[in-house]
Amino acid sequence: MIPCYKYGHFLADCVSSVLDEQDGVDVRVLIIDDASPDDSAEVAQKLAASDPRIDVHVHETNKGHIATYNEGLLEWADGDYVALLSADDRLVPGALVRAAALLDAHPEAGFAYGRPLRFQHGGPLPKARTQSTGSVVYPGHWWLDRRFREGTGCITSPEVVVRTGLQRQVGGYDPALPHAGDIEMWMRLAAHADVGYIRGADQAFYRVHGKNMSTVDFGGQLDDLRQRLVAFDSVLTKCADKLPDADRLADQVHTRLARFALRRAYRAYDRGRTAVVPVDECVAFAEECLPGYRALPEYRALRLRRRIGPRAMPYLQPLVWSAVAERGREWLWWESWKRRGI
């Protein structure tokens, strides 16, 4: 399923990677143009006219990417497996074969993913590995626990193939999460099924061109954290019956996100970016995540930098880091001394 908005110039390459480079699987393609103001719809219709495996839906008015995703995933897809591929990305040769083989062999796995390769638009494609060295299936709750512990996703998006029946079971993307819907979706799937990972081979190319939806600036970084918080809390709410240790998971991710926010705040002092980075908002977000945020080492680091001040801190940063490192070495020596019982 390929959503497209003003990406008509990427479509031929994207579709070719799906239909011409995936020998061994039966593939259909749906392109949904979300009322692009350029010639994207015409490009899509020309591609469909040349290959009966391609369907095209054209929106008369723009519905947004979430509604477009859900139209394809929940209303159109009827094969065993479904993949959501942005029009500006492409698959690695054989990616669908490798993913389908894993899912065929492991009915307990709800989706399969592998390593994506990033490449700069206008530059050559990086050399991709197309021979898998095997696969692994992680217990879904173990994989989910790791996401909550790290507070981030580990999937770009184009490298994922989902079992269509499971996609229908868990539902579509959440309109309340326009920028973190992917993270929330993978976690919802993992709450219901195990997770397959393809080793050794690359699965997709992620095109970097400056207009990617995931591109964020300093202010956007805080918005990203807010979206992540909503995404993780959403999973805890929607999958409450599947997650008996929800309180522990919530504590883990709230602490992690608070630390991320405070780290961005204190690094703004190190880099002379306090006029750009919303430091006070970062601290307020940390407090929202974790009422006891003042006990975190990142908050102590921020408090020290505030005392030094934003003008002096970029020049004194090496001294501050040296002092912190020295204290760390002293602490390690003291712990070692205690363990020896001296």
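The values are calculated or read from the model by the stated rules, or taken from the named source; none is laboratory data. Remember, it's a predicted structure, so these values are computed and weren't measured experimentally. Don't worry about glycine lacking a Cβ; one is built from the backbone with ideal geometry, like all the others, and counts go over all protein chains shown.
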Checklist entry - Given the structure, is residue 103 in a helix (DSSP H, G or I) and either assigned by TED's automatic domain parsing to the domain that holds residue 164 or touching a residue at least 60 places away in the same chain (Cβ under 8 Å) (or both)? => result yes
Checklist entry - Does at least one position in segment 118-126 carry a residue that is out of contact with any Ser or Thr (no Cβ under 8 Å at 6 or more places or on another chain), assigned to a helix (DSSP H, G or I) and surrounded by fewer than 17 Cβ atoms within 10 Å (Cβ to Cβ)? => result no
Checklist entry - Being within 24 Å of residue 249 (Cβ to Cβ) and surrounded by 15 or more Cβ atoms within 10 Å (Cβ to Cβ), is that true of even one residue in segment 202-222? => result yes
Checklist outcome for this item: Taking segment 272-293 and the residues there that are among the charged types (D, E, K, R) and surrounded by 14 or more Cβ atoms within 10 Å (Cβ to Cβ), the one that is farthest from residue 256 (Cα to Cα) would be 273
Checklist entry - Looking only at segment 127-143, which residues are exposed (fewer than 15 other Cβ atoms within 10 Å of the Cβ) and without any contact (Cβ under 8 Å) to a residue 60 or more places away in the chain? => result 127, 139, 142
Item to check | Restricting segment 13-43 to residues that are among the aliphatic types (A, V, I, L, M) and farther than 30 Å from residue 101 by Cβ, the residue that is surrounded by the most Cβ atoms within 10 Å (Cβ to Cβ) | outcome: 43
Item to check | Condition check for residue 165: assigned to a helix (DSSP H, G or I) and touching an Asp or Glu at 6+ places or on another chain (Cβ under 9 Å) | outcome: yes
Item to check | Test: residue 306 is under 23 Å from the mean Cα position of the chain (by Cα), touching a residue at least 12 places away in the same chain (Cβ under 8 Å) and in a helix (DSSP H, G or I) | outcome: no
Checklist outcome for this item: The residue from 110, 79 that alone is assigned by TED's automatic domain parsing to the domain that holds residue 158, farther than 21 Å from residue 206 by Cα, within 19 Å of the chain's Cα centre (by Cα) and at pLDDT 95 or above is 110
Checklist entry - Applying the selection to segment 144-157, what residues are in contact with a Phe, Trp or Tyr (Cβ under 8 Å, 6 or more places away or on another chain) and either without any contact (Cβ under 8 Å) to a residue 24 or more places away in the chain or β-branched (Val, Ile, Thr) (or both)? => result 155, 156
Item to check | Filter result (over 12 Å from residue 157 (Cα atoms) and crowded, with 18+ Cβ neighbours inside 10 Å) within segment 71-86 | outcome: 71, 72, 73, 77, 81, 82
Checklist entry - Say we look at segment 33-78 and pick out the residues that are acidic (Asp, Glu) and outside any helix (DSSP H, G or I); which of these is farthest from residue 184 (Cα to Cα)? => result 51
Item to check | Hits in segment 186-200 - residues which are within 17 Å of the chain's Cα centre (by Cα) and farther than 19 Å from residue 96 by Cβ | outcome: 187, 188, 190, 191
